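The values are calculated or read from the model by the stated rules, or taken from the named source; none is laboratory data. Small disclaimer: the values here were computed from a predicted structure and weren't measured. Please note: Cβ atoms are built from the backbone with ideal geometry, for glycine as well, and neighbour counts cover all protein chains shown. Each accessible area value is taken on the protein alone, full model and side chains, heavy atoms only, with ligands, DNA and RNA left out. Shrake-Rupley method; radii C 1.70, N 1.55, O 1.52, S 1.80 Å.
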Amino acid sequence: MDSKREFMLYNSMTKQKEVFKPKEQGKVKMYVCGVTAYDYSHIGHARAYVAFDVLYRYLKHLKYEVVYVRNFTDVDDKIINRANERGEDPIALSGRFCQEFLVDMDDLQCLRPTHEPRVSDHIVHIKEMVDKIISNGCAYAVDGDVYFSIDNFPTYGKLSKLNLEGNRAGERVAVDSRKRNPADFALWKAAKPDEPSWDSPWGPGRPGWHIECSAMSAYYLTHSFDIHGGGMDLIFPHHENELAQSCAACPESHISYWVHNGFVTVDDEKMSKSLGNFFTIREVTKLYHPLALRHFLLMMHYRSPVNYTISQIENSSDVIFYIYQTLKDTNDALLEFREKEAEVIKAKVVPAADECIKRLHDEFETKMSDDLHTSTILNAALQEALRYMNSSLNTLKKKQKQQLLSAVRSLIDLEREVKQVLDILGLLSSKTYSEVLLQLKDKALKRAGLTEEDVSRSIEDRTQARKNKEFSRSDQIRADLVAKGIALMDVGKETIWRPCVPIKQEKPSAVPVVQNDKSGVATQQEKPGAVLVVQNDKSGLATQQEKPSASAGQVPPPETANKEQQVTPGSS
């Protein structure tokens, strides 16, 4: 990391960005609240864990040794209720969905945390912490239940900045007249029939919701560590209660940075099963590549609300295809020069390429060090670098030897910088470029309701129509495919296809003729004189506009939303 550049991270406790300084030089301890595992995870979960995966990756990029803990809640009312409905053991049911969650995280390229503890494996540590809180005068037992006494903890509320009257009685716990204060919350719950329970000094029972994270974070990271994260909806009551518990058990307890990610909405409405706009990660990745979902989530600052729309995920899918097509074309073009490294390395980098590399590097470090502004990187310098790579590929074979070696050296250096940026953002797959492109095409076919054979027949029909000079029919075949997200490209005498953002054609005279430039990247031409391009309106959603054809009908790579939303409270 540039010694002059400091990493700034927003702290929910102080409500401002602060210079990140770990408690121990060169080492970072981070705890992120995990899922309550009773069902498949939704895109709100994806939002949270992609955000903290980027933080994890970036800290490792800064050469920190990171201990990252993300728990599973496998003992909870929701789990018990679901298990009873299905006639299953609650721990077994939760264990199954813990594994399904890990499958989703792997698909989204979230690195595995250092530790992934489960509540059921830490009952002993939870009971020990409850006992300490009672001994320190901040909790009391009633008929086998144990409650935290907020009246005996004067600083309660300092994280959320809420008055005690704001405590949401009934949040995962029933209102109980036995409490000394209605805002007191459960540390231990007395056993009930048909529920898992463990013996304790207060009688058989199970942990309350909040105590688990205090106990497990202390076990793996000690009572004093660097970062505690989760969705904004966890600030109160969960993290407020965690803070109180931890400090009541150990007065020296201290967390340096409280970090929270924003809500996910769907078509500008809060995601909710009752509204019918609730999407699991699996439901999205059935039709869109997981990299497209990850890209979509990174297109907004992690503290901003994210509005999930089909237009946005389509756009992200298109961008991912463009990225991987560019990387594949570059790799293919450089293959013959990989064995000539000694000769290539002596060549000078082209000044324009050198400037492009520096801009990408500087913008990446500047924006990431400023509270992880991923969207700016994806929109600006990275797109510029990809455009430069495609432009260089177009002219590579026209170069004389020395110019050729300089161009190759420039592409190699730029490719390396692009891949590093993509890797830190979690957008560089372990699969080959061809494999990712094939997966993207398979998803596009599924969304279109077509097979490869269907597209091949349409290409044959269009070819025959052109031979018969039935140009209106030829145009209609192409337009019908574009409306389904399939773009045809004429490469020499061959016609191939690639996924695209679906564009419904309203005017027969405005049918885009998609051709392939020498880099293999789709361009569009209009007959006779206008180009249909996808742009972003003020809301950030894709819209269609016509403009005069500038030069051979070329259009830039897929556009991305370039206006960040304001940060407002939300949830994962």
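Whole-percent P(r), the range 71-192, all Cα pairs, 5 Å bins from 0: 2, 9, 15, 16, 17, 16, 12, 9, 3, 0.
Charge dipole (Cα centre; +1 on Lys/Arg Cβ, -1 on Asp/Glu Cβ; no other charges) of the chain amounts to roughly 1680 debye. Straight Cα distances below 19 angstrom link LYS469 to the lysines LYS493, LYS527, with same-chain residues fewer than 8 positions distant left out.
Take each peptide in 117-129, 38-50, count the other Cβ atoms within 10 Å of every residue, and average; sorted highest first, the result is 38-50, 117-129. Treating cross-link reach as a plain straight distance, find the lysines whose alpha-carbon is under 23 Å from the alpha-carbon of LYS273, omitting any fewer than eight places away in the same chain. In chain and number order, the partners are LYS78, LYS286. In the context of the full set of protein chains, residues of the range 266-338 present 35 Å² of accessible surface per residue (probe radius 1.4 Å, heavy atoms only). Considering only CYS213, SER311, VAL50, and ranking their Cα positions along the charge dipole of the chain that arises from unit charges at the beta-carbon of Lys, Arg, Asp and Glu, the one farthest toward the positive end is SER311.
The residues of the range 191-246 have, on average, 30 Å² of accessible surface per residue, using a 1.4 Å probe with all protein chains present.
Annotation: amide H of GLY203 has no partner in the under-5 Å range at sequence separation 5 or more or interchain, hydrogens built in the peptide plane.
Among rounded, prolate and oblate, which fits the range 225-334 when a ≥ b ≥ c are the square roots of the eigenvalues of its C-alpha gyration tensor, a/c under 1.5 means rounded, and a/b larger than b/c means prolate?
Numbers: a/c = 3.56, a/b = 1.72, b/c = 2.07.
Cα axes put the range 225-334 in the oblate bin.
Can you give the translational diffusion coefficient of the range 299-391 in µm²/s, computed by Stokes-Einstein from the Kirkwood radius over Cα pairs at 20 °C and 1.002 mPa s? Before the final figure, lay out each step's value.
On the way: Rh = 15.5 Å.
So the translational diffusion coefficient is about 139 µm²/s.
Filter the cross-link list LYS17/LYS431; LYS346/LYS419; LYS346/LYS399 down to pairs whose alpha-carbon distance in this structure exceeds 28 Å.
Working: LYS17/LYS431 37 Å; LYS346/LYS419 22 Å; LYS346/LYS399 17 Å.
Among LYS17/LYS431; LYS346/LYS419; LYS346/LYS399, the Cα-Cα distance tops 28 Å for LYS17/LYS431.
Which trypsin sites (Lys or Arg not before Pro) in the range 426-506 pass both tests, a DSSP loop state and at most 14 other beta-carbon atoms within 10 Å?
Values: sites: LYS431, LYS441, LYS443, LYS446, ARG447, ARG457, ARG462, ARG466, LYS467, LYS469, ARG473, ARG478, LYS484, LYS493, LYS504; in loops: LYS431, LYS469, LYS484, LYS493, LYS504.
Loop-located and lightly packed - LYS431, LYS469, LYS493, LYS504.
The packing ranking, built from the mean of other Cβ atoms within 10 Å per residue, places the peptides 294-305, 330-341 in the order 294-305, 330-341, highest first.
Mean residue ellipticity, 222 nm, helices only, the chain: the sum of -39500 (n - 2.57) across DSSP H runs of n ≥ 4, divided by residue count and rounded to 500, is -13000 deg cm²/dmol. With the charge dipole of the range 117-163 set up from +1 on Lys and Arg Cβ and -1 on Asp and Glu Cβ about the Cα centre, the Cα lying farthest toward the positive end among the listed residues LEU159, GLY137, VAL119 is that of LEU159.
Each 20 Å bin from zero holds the following percent of Cα-Cα pairs in the chain: 19, 46, 26, 9, 0. The candidates GLU452, GLU283, arranged from most to least accessible area with a 1.4 Å probe in the full protein assembly, appear as GLU283, GLU452.
Given the chain, what percent of its DSSP beta bridges are antiparallel, to the nearest 5? If you can, show how the numbers build up before the last one.
Numbers: 37 of 61 bridges.
The antiparallel proportion sits near 60 percent.
The aspartates and glutamates whose alpha-carbon is closer than 15 Å to the alpha-carbon of LYS441, local same-chain residues fewer than 8 away aside, are GLU314, ASP318, GLU452, GLU453, ASP454. When the solvent-accessible area of the range 170-318 is split by element, carbon and sulfur atoms take up 54 percent of it, the probe being 1.4 Å.
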